[in-house]
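Note sheet for the following structure.
The values are calculated or read from the model by the stated rules, or taken from the named source; none is laboratory data. Predicted model only: the values in this text are computed from it and were never measured. A quick note on method: Cβ atoms are made from the backbone with ideal geometry, for glycine too, and the neighbour counts reach across all protein chains shown. Each accessible area value is taken on the protein alone, full model and side chains, heavy atoms only, with ligands, DNA and RNA left out. Shrake-Rupley method; radii C 1.70, N 1.55, O 1.52, S 1.80 Å.
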Amino acid sequence: MFHPNIHGGLPCLVVDGVLVFAYLDHRLGAVRVSVHLDSAPEHLVRPDGTVPLQVVVEDAVVLDDSGTEAAPRPPLLDALVSAADAVHREAIITAAREIGLLWRCPACQRDNAAAATCCEGPGPCRTPRPAAGVDPEGELREP
């Protein structure tokens, strides 16, 4: 379904509940594609909150994570984070990082499951997981 003027004057295409905005971002000087998953069906959304995505520009695949399974996050951790208020949510996430259930991407600051070998955040960030003993800023730390 196409909506020519749904959000702040931006055109939107709805594909199986996924909202896709494509427009010229004058500030960036680039065509911007923004994908919103608010009404995406559960069968499409991965445990990490992303959806399989392939981007093709002029017949060239520039991004394809459609065959990639996201690293599983502990279900109890997700339940605790979802149920917590903002203050407690940050404390839970910090504790999960400290005990190794999550690691933070040094490039985009997204929290990733311990099993992820690279950042699984939305967008093109696929920064490799920092080596053990290196904090997110790349500094060596005490074990």
Practice prompt. Find the strands (runs of 3 or more DSSP E) located wholly in region 21-98 whose residues include 2 or more that are open to solvent by 70 Å² or more (accessible area, probe 1.4 Å) and at pLDDT below 80, and list them.
Written response: 60-64
Discussion item. Under 7 Å between Cβ atoms, which residue pairs at least 6 apart in sequence (or on different chains) link something in region 93-109 that is among the β-branched types (Val, Ile, Thr) with a partner that is surrounded by 13 or more Cβ atoms within 10 Å (Cβ to Cβ)?
Written reply: ILE93/VAL81; ILE93/LEU102; ILE93/ASP111
Discussion item. Report every pair of residues separated by at least 6 positions or lying on different chains whose Cβ atoms are under 6 Å apart, first residue within region 51-66 and of a type outside the set (Asp, Glu), second open to solvent by 60 Å² or more (accessible area, probe 1.4 Å) and not in a loop (DSSP other than H, G, I, E, B).
Written reply: GLN54/ASP64; VAL55/VAL62; SER66/GLN54
Discussion item. Looking at region 107-130 only, could you name the residues that are open to solvent by 50 Å² or more (accessible area, probe 1.4 Å) and either touching a Ser or Thr at 6+ places or on another chain (Cβ under 9 Å) or of a type in the set (Gly, Ala, Ser) (or both)?
Written reply: ALA107, CYS108, ALA115, PRO122, PRO128, ARG129
